[in-house]
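Here is the structure we will look at.
The values are calculated or read from the model by the stated rules, or taken from the named source; none is laboratory data. Quantities reported herein were computed from a predicted structural model and do not represent experimental measurements. Glycine also receives a Cβ, built like all others from the backbone with ideal geometry; neighbour counts cover every protein chain displayed. The accessibility values were calculated without ligands, DNA or RNA, using every heavy atom of the protein model including side chains. Shrake-Rupley method; radii C 1.70, N 1.55, O 1.52, S 1.80 Å.
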Amino acid sequence: MVEQSIYPKDLEMVITTNQVNFFYGLTQALFDISLLIPAKHVTALIGPSGCGKSTFLRCLNRMNDTIPHSRVEGEISINQKDIYAPGTDVVELRKEVGMVFQKSNPFPKSIFDNVAYGPRIHGEKNPKRLAEIVEHSLQQAAIWDEVKDRLHANAMGLSGGQQQRLCIARALAVGPRILLMDEPASALDPKATMRIEDLIGELRTNYTIVIVTHNMQQAARVSDYTAFFYEGQLIECDATPKIFTNPRQKQTEDYITGRFG
Amino acid sequence: MKNNAADKFILFSLRFITYAIVLVVGYILFDIIKNGAPALNWQFVSTFPRRSGAEGGIFPAIVGTLYLVVGTIAVSLPLGVGGAIYLAEYADQGRFNTLIRLAIITLAGVPSIVFGLFGLGLFVLFCGFGPSILAGSLTLACMVLPTIIVASEESLRAVPKGFRDASLALGATKWEMIRTNILPYSLSGMITGSILGIGRAAGETAPILLTVAAFYLPRLPKSFFDQVMALPYHLYILATQHPEADRIRHMQYGTALVLLLLVLGLSLGAILIRTHFRKKFRW
Amino acid sequence: MSRSRKLHITDKLMRLLLVSAASTSVLIVCLIFLFLFKEAGPFAFKPGLEKLLDSQWIPVSFQEEHFGVGPLLSGSALVTALAMLVTVPISVLVAIYIAEIARPAEREFLKPFIEILASIPSVVLGFFGLLVVAPLVKTLFGLSTGLTALTGALLLSLMAIPTIISLSEDALVSVPYALKNASLALGASHLQTIFRVTLPAALPGIVAAVMLGIGRVIGETMAVLMVTGNSAILTFSPLASVRTMTATIAAEMGEVPFGSIHYQALFWIGIILLGITFALNIIAQRVLKKYGMMK
């Protein structure tokens, strides 16, 4: 469904998905999804509610495993390794592929402990290294200046936008190269949203980002490539400027112009 | 407003009944405290009974109750918390889950004397423990298990789902997630539930009637296989079967007061713990 | 990777432990049934279960022993019925007051009292009943003794009231605001709303609460043992002395020779008690489930 030709020839693909079908029990939610995610670019997944974009995103770090009676068919490879192959270490996968959720969910611990949580459970005990990792992550998430004087304050005291950037720092702290973002700004006010979008622009130099958003303008602003999902199917994927000005499929055009969804 | 007089009367009656109950509870407490307090002194709680309990103290009964409580918690807490964690966090086998829940509901409804019969049949006779702290604790543990499971499960479910997702997405294994990111926040609820369970265990007579309780033991127990005195049973015998029951009201009231203070003290402790932890972890 | 493997093994091990812990509740229930029947079993062959249908309970006698549970069942039933007669109206009305009418400050004051009542050990209540309630009943009705079914019923209601109040309160509070608002918007007064809308909507929950209360009352041992007088006769008079099933077991088990027919009969009483409370529990759960679906 997705032609390689929409991408420049030498672009490295870090995630390849081929004929992916997903089932919640007996209900099928994804149909034959074949999508490529290029390295160090931002790919946006758009589509109306219930089209499967979040479900697809959660397949990429196997978070759907937590849903009972769920089943994945087809191939999903990250860095040329099939992540659903038997014997795959899901813990390692999630170190490699980080996730930020729609509703920010900082732990009721200090800011420092939030960011250090990931490295700590992966075995990092050295306090100096932990402090370095925490500072680096908070800087990358563009929130260091705001919290550097109160690292041991409770994270719940931060504003919504700050909490979300904290969650991004927390995800970065385990050292992933891919970042999955599930509608990261949908619960935030416009100003905070803008900061998140700026942050995504900064992060893309070092990370591969896949972002699910129901806000088309946001997708147009931040992403390099956009994939349009509808009712569990991948309708179209193309370079962002092209898909928003000259989509190939009529469904895509109808969605983008607001005829439905 | 229609029917103002009728409404006022109804309101008045509702209020009256409610506060009548409050008064009754208050009177019960008052009666026991008033009549029991004079008997309460250091000797009463620290010496052995003499003349079959007509004089002296109730020290061994207090110790016995404490032993039983410790034994009960030692068994029921791990099983209860473990079961609750399974139900709240794992629970992926539909039929098995329904079975467990049915079992919990059933256990919660079993009359205390039936637990006594059960303890007698299984622990005292079949396992050969004889009437003992072991048999009594195991029986009481079975009885309070549902309370602990329900309270623990509730406190586990109160932890927001987002914590689990975030933790797993950062690469924690399931048990790591539970241990580091759920248990710390649900601990207070579990402790509260356990203390309420202890309170029940401490005050129950029927289960220990047939499995451990003795009325007049000259020494403190030396092992788990010994019988023991216990506050509820002591009160019962003093009040109903002692030859001098009429004349030793102060001993009876004293025992009742000590038992009441123990149980109410535990409830109060549970509430204090709950409020303290509520302030600590807000989300 | 050794650390990773260790983690995964720990994970699997913990799961196993937790499943085992959860299974113990099922195990215990099975064991309860098993051991009750084990100890009671032989009675079914000699002298035979129909002996339980005898009209008298005279387990120790120089002439002929009777093991009819009828008088004991009637004792339990009488005491329970009387208790419920007192408890249900009081509990529901108090629940209404607490849930719908009391101010928040009042509620903070009232709820602890109910909790305290719930935590008082049954033997302490029995003791209070013996010393305060029984003489009261005796003087009030001019009887020769205050140890009657009525006395037991009064104490039992004290024990069931907190249970039914808190469950009924839950039921009342869960009635959706939308219904209450609709009624008020139509011009009904607060009280009219309570009795015509809220209460009927909460009825299934209240019924379930009452059933659980009945279960609690039937299963209560110490309080009734101490105040109902312990005479095993079939009677409907609240002022008579009666014997409940629970009290019988508690009172007679201590002196019964192990394995004797009397001993087995007592276990049969236990089985009957278990059956009754189990049935009540299941019905209450069914009602609650249906109520949940009605929301």
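Normalised by the number of residues in chain A, the average gap of Cα pairs under 8 Å and 6 or more apart makes the relative contact order 28 percent.
Solvent-accessible surface (1.4 Å probe) assigned to B:LYS279 amounts to roughly 150 Å².
Take each residue of peptide A:84-96, count the partner chain Cβ atoms within 10 Å of its Cβ, and average: the result is 3. Each Lys and Arg adds +1 at its Cβ and each Asp and Glu adds -1 at its Cβ; summed about the Cα centre, the range C:1-145 shows a dipole of about 980 debye. Across the options C:GLY48, C:LEU85, C:ILE283, the greatest Cα extent toward the positive end of the charge dipole of chain C (unit charges at beta carbon of Lys, Arg, Asp, Glu) belongs to C:ILE283.
Summed over both chains, the area buried between C and B is near 6600 Å², taken from the accessible surface of protein heavy atoms with a 1.4 Å probe. For the range B:25-53 versus the range C:2-62, the inter-centroid distance based on Cα atoms is 39 Å.
For a straight C-alpha distance cut-off of 16 angstrom, the lysines reachable from B:LYS280 (same-chain residues fewer than eight places away being disregarded) are A:LYS109. Each of C:ALA44 and B:LYS279 was given a label point 7 Å from its Cα along the Cα-to-Cβ line. The distance between the two points is 5.9 nm. In the full protein context, the range B:203-283 carries 49 Å² of accessible surface per residue, based on a 1.4 Å probe and ignoring ligands, DNA and RNA.
Checking the Cα-Cα distances for A:LYS103/A:LYS148; A:LYS53/A:LYS81; A:LYS103/A:LYS191; A:LYS128/B:LYS161; C:LYS180/C:LYS289 against a 26 Å cut-off, the pairs over it are A:LYS128/B:LYS161.
Measuring with a 1.4 angstrom probe and ignoring ligands and nucleic acids, C:GLU50 comes out at about 120 Å² accessible. Is the shape of the range B:1-131 rounded, prolate or oblate, going by the alpha carbon gyration tensor and its root eigenvalues a ≥ b ≥ c, with a/c under 1.5 for rounded and a/b larger than b/c for prolate? Cα axes put the range B:1-131 in the oblate bin.
The mean count of C-beta atoms from other chains within 10 Å of the C-beta of residues in B:25-31, rounded to a whole number, is 5. The order of B:VAL228, B:VAL81 by accessible area, most exposed first and with a 1.4 Å probe, is B:VAL81, B:VAL228. With a cut-off of 10 Å between beta carbons, the residues surrounding B:TYR253 carry a summed charge of +1, where Lys and Arg count +1 and Asp and Glu -1. Rounded if a/c is under 1.5, else prolate if a/b is larger than b/c, else oblate: which is the range C:29-102, with a ≥ b ≥ c the root eigenvalues of its Cα gyration tensor? The shape class here is oblate. Spin-label model, A:GLN28 to B:ARG219: label points 7 Å out along the Cα-to-beta-carbon direction sit 7.8 nm apart.
Contact order, relative form, for chain B: 26 percent (alpha carbon pairs under 8 Å, 6 or more residues apart, mean separation divided by residue count).
The accessible surface of the range B:31-98, taken with every protein chain in place and a 1.4 Å probe, is 64 percent carbon and sulfur. As a length-normalised measure over Cα pairs under 8 Å and 6 or more apart, the relative contact order of chain C settles at 25 percent. For the range B:25-92, the square roots a ≥ b ≥ c of the C-alpha gyration tensor eigenvalues yield an a/c of 1.5 or more together with a/b not exceeding b/c, which makes the shape oblate. For C:HIS66, the solvent-accessible surface computed with a 1.4 Å probe is close to 40 Å², ligands and nucleic acids excluded.
Ignoring any ligand, DNA or RNA, what whole percent of the accessible area of the range A:139-246 comes from carbon and sulfur when the probe is 1.4 angstrom?
C and S fraction of accessible area: 48 percent.
Centroid-to-centroid, using Cα positions, the range B:84-162 and the range A:178-214 are 48 Å apart. The range B:165-200 and the range C:237-264 have Cα centres spaced 45 Å apart. When the Cα positions of C:SER76, C:THR139, C:ALA105 are compared along the charge dipole of the range C:25-150, C:ALA105 comes out farthest toward the positive end, with charges on each C-beta of Lys, Arg, Asp and Glu. Within 10 Å of the Cβ of each residue in B:204-211, the mean number of Cβ atoms contributed by other protein chains is 5.
Taking all protein chains into account, the per residue accessible area for chain A stands at 44 Å² (1.4 Å probe).
Simple spin-label estimate for C:LEU34 and C:SER189 gives 6.2 nm between the two label positions (7 Å along the Cα-to-Cβ direction from each Cα). For the protein assembly as shown, a simple Cβ point-charge model (Lys and Arg +1, Asp and Glu -1, everything else neutral) yields a dipole of about 940 debye relative to the Cα centre. For the protein assembly as shown, what proportion of DSSP beta bridges, expressed in % and rounded to the nearest 5, is antiparallel? Among the beta bridges of the protein assembly as shown, antiparallel pairing accounts for roughly 60 percent. Entry note: the range C:126-284 has Rg to Rh equal to 1.13, where both radii use alpha-carbon atoms and Rh is the Kirkwood radius.
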